[in-house]
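Q: Here you go, one structure.
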Amino acid sequence: MSALVSKITTRGVKHQMTEPTLELKNVSVAYAEGANGVTSSRSSQYALQDVTFQVGAGERIAVVGPNGAGKSTLFKLIVGALKPGQGEVNIYGQGPGGHICIAYVPQRSQIDWTFPVTVEDVVMMGRVGQIGLFRWPHRRDWDLVKASLERVNARHLAKKQIGELSGGQQQRIFIARALAQEAELLLMDEPLSGLDVPNQEAIFETLDSLRPDGVTVLVATHDLNLAAERFDRMMLLNKRIVAFGGATAVLQPENLLQAYGGHMHVMDDKDFLLTDECCNHEERG
Ligand code: ADP
Ligand code: MG
């Protein structure tokens, strides 16, 4: 089934409000088969190793790191699509299964854009957790869908097929779906990739409008400048957490060298060039 509709859950779990919005404790994950199809328990096969961190309500976190660093794996763990080999993932004190408060937008490449659904259907999918799979949406649900589309400036796109939209519009529709879902935790996997600056800006404006709702946002990105400028904290990941904190503390050359290794070239004390050869992203910081 399309990744558009595969993350639906109709169960809700109770939040323990004294617990952090998101907490990972000593989480390690290894895929059963390594890249060459060989099962291995060697540490080099770990996609994530000994990952521990906490995120508070309303924080906006950028998750950065080279290709293969484990960013997508991290999001899949939080949303419950993957189980950790070791350690614990908790959202308000409960494991990931059954939360209807988590909205997850997969990487573009993992979505089947030919799946025939309209924009308003995609946004209505955000309501399924609240109304149940086999009941019809009520008036309030349609009102929420319309209001959510309004908030991302996309009311006029309601009847279009999702596949017809531009990349920036599609990302905004997914934010509208999270709004309709009344999500408290929004995970977006590389939503900025391939977007021009005005479209990236439109996404940030929309994310800014979530702040009063106290929505916690994690965004995986390759853009270190945007990560530094537009987020409260950044997590630099390379299977392990290399650094997690404010931009100045994280973007130290020794941290970047540890995360990006041979893909980083120090130009002088403060200037560096990153070449992520797997996907030809180039970034200057
Ligand atoms: P990122 O999103 O940072 O590029 P991923 O989480 O996609 O990183 O991948 C982390 C590591 O796990 C990589 O080495 C990747 O090859 C491996 N990996 C990801 N998905 C699978 C899978 N389904 N099967 C086997 N290995 C995988
Ligand atoms: Mg990824």
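The values are calculated or read from the model by the stated rules, or taken from the named source; none is laboratory data. Remember, it's a predicted structure, so these values are computed and weren't measured experimentally. Virtual Cβ from ideal backbone geometry, glycine too; neighbours counted across all protein chains shown. Just the protein is used for accessible areas: all its heavy atoms, side chains included, with ligands, DNA and RNA removed. Shrake-Rupley method; radii C 1.70, N 1.55, O 1.52, S 1.80 Å.
Q: Select from the range 168-183 the residues that are open to solvent by less than 10 Å² (accessible area, probe 1.4 Å) and of a type in the set (S, T, N, Q) and list them in ascending order.
A: 170, 171
Q: Could you count how many residues in the range 184-201 are open to solvent by 40 Å² or more (accessible area, probe 1.4 Å) and acidic (Asp, Glu)?
A: 3
Q: Another question, then. Just wondering, is there one or more residues in the range 132-150 that are more than 18 Å from residue 182 (Cβ to Cβ) and modelled with pLDDT of 90 or more?
A: Initial filter on the range 132-150 (more than 18 Å from residue 182 (Cβ to Cβ)): 134, 136.
With modelled with pLDDT of 90 or more added as a condition, the list becomes none.
Taking every residue of the range 132-150 in turn, none turns out to be more than 18 Å from residue 182 (Cβ to Cβ) and modelled with pLDDT of 90 or more.
Let's see how each residue does on (1) within 16 Å of ligand 1 (Cβ to nearest atom); (2) modelled with pLDDT of 90 or more; (3) within 14 Å of the chain's Cα centre (by Cα):
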position: 201; (1), (2), (3): no, yes, no
position: 216; (1), (2), (3): no, yes, yes
position: 231; (1), (2), (3): no, yes, yes
position: 241; (1), (2), (3): yes, yes, no
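Q: Output the number of residues of the range 54-68 satisfying the condition of being within 16 Å of ligand 1 (Cβ to nearest atom) and in a strand (DSSP E or B). Lay out the reasoning, then the answer.
A: Within the range 54-68, the first condition is being within 16 Å of ligand 1 (Cβ to nearest atom), and the residues that meet it are 61-68.
Adding the requirement that they be in a strand (DSSP E or B) leaves 61-64.
Residues flagged as within 16 Å of ligand 1 (Cβ to nearest atom) and in a strand (DSSP E or B) within the range 54-68 amount to 4.
Q: Which of the residues belonging to the range 77-112 are more than 25 Å from residue 209 (Cα to Cα) and within 10 Å of ligand 2 (Cβ to nearest atom)?
A: The initial filter retains those residues of the range 77-112 that are more than 25 Å from residue 209 (Cα to Cα), namely 77, 80-90, 93-98, 109-112.
Scanning the range 77-112 gives 109, 110.
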